[in-house]
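Chemist: This is the structure I have questions about; it appears just below.
Rule-based calculations on the coordinates, nothing more; no lab input. These figures come from a predicted structure and were not determined experimentally. Glycine gets a Cβ as well: all are built from the backbone with ideal geometry, and neighbour counts include every protein chain shown.
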Amino acid sequence: MELTTGQQDILSGGAGPYLAQCMRWLVDWGEVMGARRLIPVDNVHALLPVPNLMARGASAATISRYVEGLREACRHKTAPQCVCTVHTAFVTLDELDVPENDPEQVRMQREISDMAAAAGFIPTFTCAPYLVGNVPLLGEICAWTESSAVVYANSILGARTTRHGNESAIAAALLGLVPEFGVLLDENRKGTLLVEVSAGLDSPTDWGALGYCAGKAAGLGIPVFSGVGRPTQDEAKQLCAALATSGGVTMCHIAGVTPEAPTLEAAFHGGQPEAAVSFSDESLRQTYASLRNHTGDEIDSVILGCPHASIREIAEIASLLRGKRVAEGVRLWVDTARGTRGGADAMGYTKVIEDAGGRILCDTCPTNMRMPARRIVTHGFKQAHYARGIVGAEVIVAETGPCIRAALAGRWLGDD
Amino acid sequence: MTEIRGRAVVKGRAEGEALVADAMLSFWGEVDPVSGEVIAVGHPLQGQSLAGRVLVIRSTKGSSATPMVLNLAKLEGKAPAAFVNVEVDGLAALGCIVNGIPMMTDLEQDPFASIRTGDHVVVDADQGLICVMVKQESGGPIG
């Protein structure tokens with residue numbers, strides 16, 4: 001890779017050992033991924049979580065070494081031109097009286113949050129930064145963590161980001177640079193897999209099913225959807241999250257809808273797809289069935305807001321809960337960004353949800369917290385997929401309406 | 001012993017017992033960094049430990065926290081010894097770079113046909129070479 005004199009100087013330690021290490025990460029990563037140079041980055045979504053819960057049982061030395069790495073990163077300033085937001089944590093910074101919200105971990109996360117803010121990060125603590133003001137423009141160069149947000153930024157917004165991890169996003173934020181490879185280059189944004197959709201998609205969760213099925217077929221490729229209309233923002237969110245759960249998708253196109261696919265031909269850059277699959281009503285039914293492993297109907301958890309709920313979803317949930325009561329023994333979580341919760345507070349939705357016995361959870365989600373559950377109902381395919389392994393719970397994935405009905409009844413009542 | 005040439009993604013040399021599945025794997029959410037075990041329900045590697053193993057899979061997938069989980073697993077002594085992947089997900093490459101784990105791809109033979117779980121594998125990414133020592137079947141007398 002060709003470096004400028006200034007970049008070379010940072011690599012040689014001219015700006016101190018930590019920034020030299022950051023430069024080394026970016027240069028080594030760029031070289032193995034085929035980059036020829038580093039280019040300026042305008043927008044970073046960084047991962048700065050204290051990992052205790054996710055690494056439950058880890059030695060004190062492991063946690064302390066990891067957290068010291070976060071502290072070191074936050075002792076430097078983010079690049080002046082860069083918008084830098086922050087991904088979810090493994091705890092909520094609110095008071096929450098559950099053993100999983102370990103006070104020591106909350107204290108450390110607050111410390112990191114304050115340090116990050118002083119460094120120039122905006123501590124959004126969300127997996128959906130595009131819902132709380134970090135909305136990159138067409139062509140904007142980004143360095144985003146959160147696999148679902150990466151797909152959303154590339155596909156729906158036409159911004160450009162490879163799949164970033166914690167070290168690369170921190171390095172990008174502090175140096176204002178990213179290695180230029182993958183979907184940052186035009187030629188790597190062409191579709192690889194044609195997904196012909198004949199299924200009727202009636203809800204965000206249906207779009208999640210499409211993504212979950214297509215992600216498996218696409219692997220690391222770029223699926224192109226034909227035969228579907230324009231998704232809503234919430235539908236697009238579910239599609240993108242599921243694509244990066246069953247697969248390792250960085251971006252997709254929706255023919256005639258997304259900004260780089262005015263036509264099907266344009267989505268494939270005038271070439272042919274490498275493969276094609278179809279998604280019928282039967283595929284839709286089977287995909288839901290593949291993420292339902294419940295052996296009974298009694299439920300104890302309903303998790304909504306994966307990825308973090310939009311204000312529109314919170315309004316819908318509030319309208320379904322108004323004047324009703326969540327069943328005894330059921331935890332109803334609505335996960336969202338602190339910024340969105342502020343809006344929900346102001347508009348009265350929070351009160352409606354809390355009066356019904358539900359709870360709005362900020363900064364994290366129950367699966368990130370490894371909140372114990374026996375049987376979970378959720379409207380997110382991503383949540384359903386990971387909760388099975390992380391929490392060890394049985395899961396039922398369903399549209400929002402049936403999720404709320406299950407919360408009120410304390411048992412799964414079916415889809416209709 | 002079989003020698004297979006391939007392309008080094010991340011240089012270095014390591015050896016260990018192979019863990020092989022023609023599947024993708026997300027480290028966050030599908031691997032516990034403290035036990036080193038695959039926790040993904042229904043995954044072909046579910047319940048297997050990655051610690052010290054040469055991980056032969058199609059590629060990583062899923063969460064962007066893969067490098068983070070790899071880092072925690074490394075600190076806990078539970079990370080794989082090396083990666084042999086058919087396709088390169090940038091997140092695995094980043095995690096291997098940061099944690100000093102060798103990674104290879106583009107083998108001249110299909111790794112799922114030529115490497116079996118339990119084989120002893122030397123990954124010499126400095127030379128672009130993999131050596132496979134087939135696991136000796138143990139057990140009772142033949143017949």
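Chemist: Counting only other residues whose beta carbon sits under 12 Å from that of A:Leu177, what net charge do I get with K and R as +1, D and E as -1?
Modeler: -1
Chemist: Now for a separate question. For region A:51-188, compute Rh as the Kirkwood radius over C-alpha pairs and then the Stokes-Einstein diffusion coefficient at 4 °C and 1.567 mPa s; write the answer in µm²/s, rounded to an integer.
Modeler: So the translational diffusion coefficient is about 81 µm²/s.
Chemist: Still on this structure: Taking loop as defined by DSSP and a crowding limit of 15 other beta carbons within 10 Å, which trypsin sites (Lys or Arg not before Pro) in region A:72-167 fit?
Modeler: The qualifying sites are A:Arg75, A:Lys77.
Chemist: Right, another one. Within region A:82-165, list the GluC sites (Glu not before Pro) lying in a DSSP loop whose Cβ has at most 12 other Cβ atoms in a 10 Å radius.
Modeler: Answer by residue number: A:Glu95.
Chemist: Given +1 on the Cβ of Lys and Arg, -1 on the Cβ of Asp and Glu, and no further charges, what dipole in debye does region A:42-112 carry about its Cα centre, rounded to the nearest 20?
Modeler: Numbers: 7 positive and 10 negative charges, 73 e Å.
With only Lys, Arg, Asp and Glu charged at Cβ, the dipole is about 360 debye.
Chemist: So what is the relative contact order for chain A, in percent, with contacts set as C-alpha pairs under 8 Å and at least six apart?
Modeler: Computed over chain A, the figure is 16 percent.
Chemist: If you don't mind, there's one more thing I want to ask. Please average, across the residues of B:31-44, the number of beta carbons from any other chain that are within 10 Å of each residue's own beta carbon, and give a whole number. Each step should come with its number before you reach the end.
Modeler: Values: counts 1, 6, 7, 7, 2, 0, 0, 1, 6, 5, 12, 6, 1, 0.
Mean partner shielding for this stretch: 4.
Chemist: When you look at the Cβ of every residue in B:85-95, what mean number of other chain Cβ atoms sits within 10 Å?
Modeler: Going residue by residue through B:85-95 and averaging, the value is 6.
Chemist: Take peptides A:195-202, A:361-368, A:58-65 and line them up by average Cβ neighbours within 10 Å, highest first, as a rough protection proxy.
Modeler: Ranked from most to least packed, the peptides come out as A:361-368, A:195-202, A:58-65.
Chemist: Dipole of chain A, Cα-centred, from +1 at each Lys and Arg C-beta and -1 at each Asp and Glu C-beta, to the nearest 20 debye? Each step should come with its number before you reach the end.
Modeler: Numbers: 35 positive and 46 negative charges, 85 e Å.
Dipole about the Cα centre, nearest 20: 400 debye.
Chemist: Ok, one more. Based on Cβ point charges of +1 for Lys and Arg and -1 for Asp and Glu, what charge dipole magnitude is obtained for region A:301-409 about its Cα centre, in debye rounded to the nearest 20? Walk me through the numbers before you get to the answer.
Modeler: On the way: 15 positive and 10 negative charges, 35 e Å.
Charge dipole of region A:301-409: 160 debye, to the nearest 20.
Chemist: Using Cα positions and a limit of under 13 Å, work out the aspartates and glutamates in reach of A:Lys324, with same-chain residues fewer than 8 apart set aside.
Modeler: Excluding near neighbours in sequence, the set is A:Glu354, A:Asp355.
Chemist: Now for a different question. Averaged over its residues, how many other protein chain Cβ atoms are within 10 Å of peptide A:58-68's Cβ atoms?
Modeler: 3
Chemist: DSSP beta bridges in region B:2-133, what fraction antiparallel, as a percent rounded to 5?
Modeler: So the antiparallel bridges amount to about 65 percent of the total.
Chemist: Roughly what % of DSSP beta bridges within chain A run antiparallel, to the nearest 5?
Modeler: Numbers: 4 of 40 bridges.
Antiparallel bridges: around 10 percent, rounded to the nearest 5.
Chemist: Can I ask one more? Using alpha-carbon pairs under 8 Å, 6+ residues apart, how would you state the relative contact order of chain B in percent?
Modeler: Computed value for chain B: 36 percent relative contact order.
Chemist: Which of A:Leu157, B:Ala82, A:Val91 sits closest to the plus end of the dipole of the protein assembly as shown, meaning its Cα is farthest towards the positive end, when Lys and Arg get +1 and Asp and Glu get -1 on the C-beta?
Modeler: A:Val91
Chemist: Once you treat every alpha carbon in chain B as an equal point and sum by Debye, what is log10 I(q)/I(0) at q = 0.15 Å⁻¹?
Modeler: The Debye formula, applied to the Cα set alone, gives -0.66.
Chemist: Something else now. Could you calculate the FRET efficiency of A:Glu111 with A:Asp300 from 1/(1 + (r/R0)^6), where r is the beta carbon distance between them and R0 is 30 Å, rounded to 0.05?
Modeler: It comes to 0.35.
Chemist: Next question, about the same structure. With a Förster radius of 45 Å, plug the Cβ-Cβ distance of A:Asn188 and B:Arg116 into 1/(1 + (r/R0)^6) and report the FRET value to the nearest 0.05.
Modeler: Numbers: r = 34 Å, r/R0 = 0.76.
It comes to 0.85.
Chemist: For region A:327-416, which trypsin sites (Lys or Arg not before Pro) are both in a DSSP coil and crowded by at most 16 other Cβ atoms within 10 Å?
Modeler: Details: sites: A:Arg331, A:Arg338, A:Arg341, A:Lys351, A:Arg359, A:Arg370, A:Arg374, A:Arg375, A:Lys382, A:Arg388, A:Arg405, A:Arg411; in loops: A:Arg370, A:Arg374.
Sparse-neighbourhood loop trypsin sites (Lys or Arg not before Pro): A:Arg370, A:Arg374.
Chemist: Return the inverse of the average 1/r over all pairs of distinct C-alpha atoms in region A:301-409, which is the Kirkwood hydrodynamic radius, in Å to one decimal. Can you show the working numbers first?
Modeler: On the way: mean 1/r = 0.0744 Å⁻¹.
It works out to 13.4 Å.
Chemist: May I pose another question? Using a cut-off of 12 Å between beta-carbons, work out the net charge of the residues near B:Lys11 (Lys and Arg +1, Asp and Glu -1, B:Lys11 not included). Intermediate results must be reported in sequence, preceding the final value.
Modeler: Values: positive: B:Arg7, B:Arg13; negative: A:Asp28, A:Glu31, B:Asp124, B:Asp126.
Overall, the nearby charge balance is -2.
Chemist: Would you calculate a helix-derived [θ] at 222 nm for the protein assembly as shown, using -39,500 (n - 2.57) for each DSSP H run of n ≥ 4 and dividing by the full residue count, to the nearest 500?
Modeler: -10000 deg cm²/dmol
Chemist: Sorted by packing (mean other beta-carbon atoms within 10 Å per residue), highest first, where do B:15-23, A:16-24 land? If you can, show how the numbers build up before the last one.
Modeler: Working: B:15-23: 18.7, A:16-24: 16.9.
The densest-packed peptide leads the list: B:15-23, A:16-24.
Chemist: When all C-alpha to C-alpha distances in region A:190-290 are sorted into bins of 5 Å, what percent of pairs does each bin hold, rounded to whole numbers?
Modeler: P(r) for region A:190-290, in whole percents per bin: 3, 16, 27, 29, 19, 6, 1, 0.
Chemist: Something else about it: With unit charges on the beta carbons (Lys and Arg positive, Asp and Glu negative) and the dipole taken about the Cα centre of region B:1-56, which residue among B:Gln48, B:Gly12, B:Gly29 sits farthest to the positive side?
Modeler: So the residue we want is B:Gly12.
Chemist: Sticking with this one: From the alpha carbon gyration tensor of the protein assembly as shown, can you work out the equivalent ellipsoid semi-axes (sqrt of 5 times each eigenvalue) and give them in Å, largest to smallest?
Modeler: Semi-axes, largest first: 34, 28, 25 Å.
Chemist: What lysines sit close enough to B:Lys74 to cross-link, taking a C-alpha to C-alpha distance under 21 Å and skipping anything fewer than 8 places away on the same chain?
Modeler: Within the straight-line cut-off, B:Lys74 pairs with B:Lys11, B:Lys61.
Chemist: Also: When you count, for each residue, the other Cβ atoms within 10 Å and take the mean per peptide, how do A:37-47, A:78-88 rank with the highest first? Provide the component values of the computation, followed by the final result.
Modeler: Working: A:37-47: 23.3, A:78-88: 20.8.
Ranking the peptides A:37-47, A:78-88 by packing returns A:37-47, A:78-88.
Chemist: Where does the charge balance sit around A:Gly158 when Lys and Arg score +1, Asp and Glu -1, over other residues with C-beta under 11 Å from its C-beta? All intermediate terms of the calculation are to be shown ahead of the outcome.
Modeler: Numbers: positive: A:Arg160, A:Arg189; negative: A:Glu140, A:Glu260.
That works out to 0.
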